[in-house]
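Peer 1: Below are the structure tokens for one structure; questions will follow.
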Amino acid sequence: MEDETVNNVMCQFTDPEGTTLGAPLYLPQNAGPHQLQQIVNKLLNNEEKLPYAFYISDQELAVPLETYLHKNKVSVEKVLAIVYQPQAIFRIRPVNRCSASIAGHAEAVLSVAFSPDGRQLASGSGDTTVRLWDLNTQTPMFTCTGHKNWVLCIAWSPDGKHLVSGSKAGELQCWDPQTGKPSGNPLMGHKKWITGISWEPVHLNAPCRRFVSASKDGDARIWDISLRKSVICLSGHTLAITCVKWGGDGVIYTGSQDCTIKMWETSQGKLIRELKGHGHWVNSLALSTEYVLRTGAFDHTGKTHSSPEEMKKVALESKHPKTRMTGHQQLVNHVYFSPDGNWVASASFDKSVKLWNGITGKFVAAFRGHVGPVYQISWSADSRLLLSGSKDSTLKIWDIRTLKLKQDLPGHADEVFAVDWSPDGEKVASGGKDRVLKLWMG
């Protein structure tokens with residue numbers, strides 16, 4: 001009997017939210033992640049075996065239990081809590097080389113965004129144009145002209161049928177990505193520059209018709225592209241709105257320099273609630289469902305859909321929207337949930353990228369390596385890799401499992417303002433002060 005107690009350890013599996021899976025059970029100390037995976041699949045009655053990662057006190061278990069217990073001097077007298085976390089079934093390769101440098105913009109590239117299906121790329125620039133690039137030939141398809149000032153932000157509708165851009169002059173323009181032509185006149189209403197654009201999720205409404213814009217003037221406006229006008233003005237912030245997100249629950253979130261986050265319903269534009277607690281400007285907002293809302297009915301496999309109804313159905317089935325928010329007290333440029341909602345990453349002027357637990361909000365690690373402020377971050381579709389772009393002219397890829405630098409990507413001649421990882425995981429785009437758009441592949 002004595003031998004057995006030495007070799008077994010009492011374990012309790014819980015999910016990331018803290019819900020227990022069955023009763024505590026004795027596991028052999030020589031069990032490692034592979035064995036734990038089989039046990040969890042069995043306990044969950046999974047017909048298809050799914051991959052899981054395991055965490056003990058926020059540390060990933062990559063070795064047999066006995067090695068971990070020994071190394072961390074953990075008592076086997078107590079029940080060992082093991083958190084199991086579902087992993088993406090597919091794997092994204094880290095990009096490691098620049099496959100194309102595309103010149104064309106006459107001023108800095110301020111924003112880059114892949115279409116939801118990953119086939120097209122849009123960029124906005126200080127030269128007042130939006131460009132649409134064909135990713136197969138890596139050449140410009142269309143140059144969209146019409147803005148009178150810098151193009152500060154761009155956003156694809158989740159069904160991929162429209163692209164909207166917002167400028168420093170405060171006007172918005174909707175474009176047809178198939179022709180590069182404007183769909184109608186510029187949308188006027190904001191009195192100062194545009195700070196953010198977010199589309200209504202496709203599972204709430206297909207085909208996509210409505211988006212919300214935020215401005216330095218303190219207002220957010222909901223626009224209907226078929227009516228070509230602003231249908232609701234969300235006013236209430238006392239200072240500039242810095243960021244806006246249309247959530248999967250149908251609520252619009254705005255963050256402002258007035259230190260508040262406001263939540264609005266979207267049929268009449270009523271204020272639902274106000275989140276106070278920031279001691280300083282709110283610079284960036286993240287929703288745990290952002291990735292699934294961005295891709296709508298598209299996934300990394302490249303399947304297409306025949307009708308708006310089918311798109312809406314697929315988007316609803318594959319995406320279980322939750323909303324959760326967490327914030328920062330220092331100057332942070334960009335926060336972003338991982339596609340699986342398990343992590344939050346934040347990019348900061350302090351030259352670091354920080355990683356937090358997306359469920360508890362607890363700090364996990366700081367990635368150091370950039371020698372200048374980090375402007376923007378983007379996740380790989382499988383939530384295993386994180387990309388950052390910095391004033392130091394480099395892009396870096398961080399490995400979430402090892403919490404280390406995976407790939408250093410120098411190549412830009414100046415500050416990198418914008419980065420995006422395509423939803424299909426195949427490529428990364430970056431742009432910045434050197435006016436060059438770069439594509440990176442694995």
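Peer 1: In straight Cα distance, which aspartates and glutamates are under 13 Å from residue 216, not counting same-chain residues fewer than 8 positions off?
Peer 2: Within reach: 171, 258.
Peer 1: Note down the nm distance, to one decimal, between modelled labels 7 Å out along Cα→Cβ at residue 43 and at residue 229.
Peer 2: Output for this residue pair reads 5.9 nm.
Peer 1: In region 72-136, which trypsin sites (Lys or Arg not before Pro) fall in coil by DSSP and have 14 or fewer other Cβ atoms within 10 Å?
Peer 2: 73, 78, 91
Peer 1: So, one more: With only Lys, Arg, Asp and Glu charged, each at its Cβ (+1 for the first two, -1 for the last two), find how big the charge dipole of region 111-199 is about the Cα centre; round to the nearest 20 debye. Show your work: numbers first, answer last.
Peer 2: Details: 8 positive and 6 negative charges, 61 e Å.
With Lys and Arg at +1 and Asp and Glu at -1, about 300 debye.
Peer 1: Ordered by packing density, taken as the mean number of other Cβ atoms within 10 Å over each peptide's residues, highest first, how do 227-237, 158-168 rank?
Peer 2: Details: 227-237: 16.3, 158-168: 23.3.
With the highest mean Cβ count within 10 Å placed first, the list reads 158-168, 227-237.
Peer 1: Just reorder 74, 371 by solvent-accessible area, largest first, 1.4 Å probe, all chains present.
Peer 2: 371, 74
Peer 1: Are there any chymotrypsin sites (Phe, Trp or Tyr not before Pro) in region 74-141 that are in a DSSP loop and have at most 16 other Cβ atoms within 10 Å? List them by number.
Peer 2: 90
Peer 1: When the Karplus curve 6.51 cos²θ - 1.76 cosθ + 1.60 is applied with θ = phi - 60°, which whole-Hz ³J(HN,Hα) does each residue of region 174-181 get, with x for Gly and Pro?
Peer 2: Along region 174-181, the couplings run 9, 10, 9, x, 6, 10, x, 8 Hz.
Peer 1: Can I ask one more? Would you report the distance distribution of C-alpha pairs in region 54-169 as whole percents per 5 angstrom bin, up to the bin with the largest distance?
Peer 2: With a bin width of 5 Å, the distribution comes to 2, 9, 15, 14, 11, 7, 5, 6, 7, 8, 7, 5, 2, 0, 0.
Peer 1: Give me, ordered by chain and number, the residues 5 or more places off residue 375 or on other chains with an amide H under 5 Å from its own placed amide H.
Peer 2: Amide H to amide H, under 5 Å and 5 or more residues apart or across chains, residue 375 pairs with 389, 390, 391.
Peer 1: Tally Lys/Arg at +1 and Asp/Glu at -1 over every other residue whose Cβ is under 9 Å from the Cβ of residue 99; what's the total? Could you put the intermediate results ahead of the total?
Peer 2: Values: positive: 97, 427, 438; negative: none.
With Lys, Arg at +1 and Asp, Glu at -1, the neighbours total +3.
Peer 1: Take every Cα-Cα distance within the chain, group them into 20 Å bins from 0 onward, and report for each bin the whole-number percent of pairs it holds.
Peer 2: In whole percents, the pair-distance histogram is 25, 55, 18, 2, 0.
Peer 1: Using the Karplus equation 6.51 cos²θ - 1.76 cosθ + 1.60 (θ = phi - 60°), what ³J(HN,Hα) coupling, rounded to whole Hz, does each residue of region 346-363 give in order, writing x for Gly and Pro?
Peer 2: Per-residue couplings from phi come out as 10, 10, 9, 6, 7, 6, 10, 10, 10, 10, 10, 6, x, 9, 9, x, 6, 5 Hz.
Peer 1: So how far, in whole Å, is the C-alpha centre of region 372-410 from the one of region 54-92?
Peer 2: 25
Peer 1: If you don't mind, there's one more thing I want to ask. Sequence-distant or interchain residues sharing an amide H contact under 5 Å with residue 128, placed H: which?
Peer 2: Correct list: 151.
Peer 1: Ok, one more. Once both axes come from the Cα atoms, what is the angle between helix 33-43 and the longest principal axis of the chain, in degrees from 0 to 90, rounded to 10?
Peer 2: 90
Peer 1: Of 63, 244, which has the most accessible area and how do the rest follow, probe 1.4 Å? Intermediate results must be reported in sequence, preceding the final value.
Peer 2: On the way: 63 55, 244 5 Å².
The residues order as 63, 244, largest area first.
The values are calculated or read from the model by the stated rules, or taken from the named source; none is laboratory data. Note that this is a predicted model, so its numbers are computed, not measured. Heads up, the Cβs are rebuilt from the backbone with ideal geometry, glycines too, and the neighbour counts pull from every protein chain shown. What goes into the accessible areas is simple: the full protein's heavy atoms, side chains included, and nothing from ligands, DNA or RNA. Shrake-Rupley method; radii C 1.70, N 1.55, O 1.52, S 1.80 Å.
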